[in-house]
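Report on the following structure.
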Amino acid sequence: MAPGLRAYREHFLRLARGEPLPHPSPGQAPPPSRRGRPCYPRLAVYTGGGSSHSWLWFAELFERLGLYDLVFLDHRRLAAGGLAGCHALAMSGGDTFGVAAALGAAGAAALEEFIARGGLYLGTCAGAYLPLNSSKSPLDLFNWVPARITNLSRHLPVAIDLPEKAATPYGCAYVFHPVREEVRLATCGRQPWAGQPPFVAPLYGGPAMVEAAPGQVLARYLEFTPRTRFLVDPGLAAETLVGRAAALRVEKGQGVLYLLGPHFEHPRYPEANRLLAQALCWDLAPAAP
């Protein structure tokens, strides 16, 4: 296990054993919860229609963090009340339209109620696109975050690599994916990631976003790395990504949504993993919604 994750594992295992939590020193991990002492959480992982294999990355990360009370929900179970007793839902990559179609109106209503009552939503890649405002059916069932994306164009950019991965039709326009693989991100000095240095994470089609309200951006795309794989002209890629929001934290009712363009849960990126652990510590409710 990466050294940076050990403190979080011990934190969650202390909760599981009902032991007192040590008083953290300034800058020490993990940070205290903004909502009071949490209980040991039950976490849901979406595995239903539209999801990709990347839900396994969430499951692996939770296991490494000592979070063993996991529920795996397909679209039918989620819509039928499967989030009852859960503290958070992890929604990973895949096909955003496929996820929205599988969940349908019943799943959208169940998920919205879960968040509004205090649930924590962790959405990466397709999971980040899902709650953004859209006029397209069935995405319009999930219009909860009015942030816009910068990787949307009426004209299909010329693909210089992996044309099958470079763009997806979106009505009369295209959602295009400027790069794949590793990108460097910078945090924005806001809790729960205040004071964290730049870090790297992999991007596999996730969005670049413009926040709808001040204070929502937790991290921005900073620069590319030697491992970045360009799918469009590098100048267009920089214009689309660099300086744009890579991670948003949005409050909804009593709950919180984290919308993460890159895959923070990827097992080979421990610094990004640690930031997800910090988000859990900061925003988990003291009781299931």
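The values are calculated or read from the model by the stated rules, or taken from the named source; none is laboratory data. If you're wondering where the values come from, they're calculated on a predicted model, not measured in any experiment. Cβ: placed from backbone, ideal geometry, glycine included. Neighbour counts: every protein chain shown. Areas reflect the complete protein model, heavy atoms only, side chains present, ligands, DNA and RNA absent. Shrake-Rupley method; radii C 1.70, N 1.55, O 1.52, S 1.80 Å.
The table below gives the values:
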{"item": "HN-Hα J in Hz across the stretch 69-74 - Karplus 6.51, -1.76, 1.60, θ = phi - 60°, x for Gly and Pro", "result": "8, 10, 10, 9, 10, 7"}
{"item": "Solvent-accessible surface ranking, highest first, for 149, 115 at 1.4 angstrom", "result": "149, 115"}
{"item": "Contact order normalised by residue count of the chain, Cα under 8 Å, 6+ apart, percent", "result": "22"}
{"item": "Antiparallel bridges, percent of DSSP beta bridges restricted to the chain (to nearest 5)", "result": "65"}
{"item": "Distance from the stretch 166-235 to the stretch 43-105 (C-alpha centre basis), Å", "result": "23"}
{"item": "With all protein chains modelled, accessible area of residue 53 [1.4 Å, Å²]", "result": "120"}
{"item": "Max mean-square fluctuation residue, GNM over the chain, Cα-Cα springs under 10 Å, options 113, 182, 19", "result": "19"}
{"item": "Listed residue (8, 205, 36) projecting farthest to the positive dipole end of the chain, Cβ model", "result": "36"}
{"item": "Nearest-20 debye value, the chain charge dipole, Cβ charges on Lys, Arg, Asp, Glu", "result": "520"}
{"item": "With every protein chain in place, the chain: carbon and sulfur % of accessible area (1.4 Å)", "result": "53"}
{"item": "Long-range HN-HN contacts of residue 72 with modeled amide H, under 5 Å", "result": "45"}
{"item": "Residue-level accessible surface for residue 62, protein heavy atoms, 1.4 Å, Å²", "result": "10"}
{"item": "For residue 57, solvent-accessible area (1.4 Å; no DNA, RNA or ligand), Å²", "result": "40"}
{"item": "Rg(Cα)/(2.2 N^0.38 Å) for the chain, N = residue count", "result": "0.95"}
{"item": "Dipole magnitude of the stretch 111-188 about its Cα centre (Cβ charges: Lys, Arg +1; Asp, Glu -1), debye to nearest 20", "result": "180"}
{"item": "Å² per residue, accessible surface of the chain at 1.4 Å", "result": "41"}
{"item": "Simple spin-label estimate for residue 117 and residue 6 in nanometres, 7 Å along Cα-Cβ", "result": "4.0"}
{"item": "Cα-based shape type of the stretch 204-289, given that a ≥ b ≥ c are square roots of the gyration tensor eigenvalues and the cut on a/c is 1.5", "result": "oblate"}
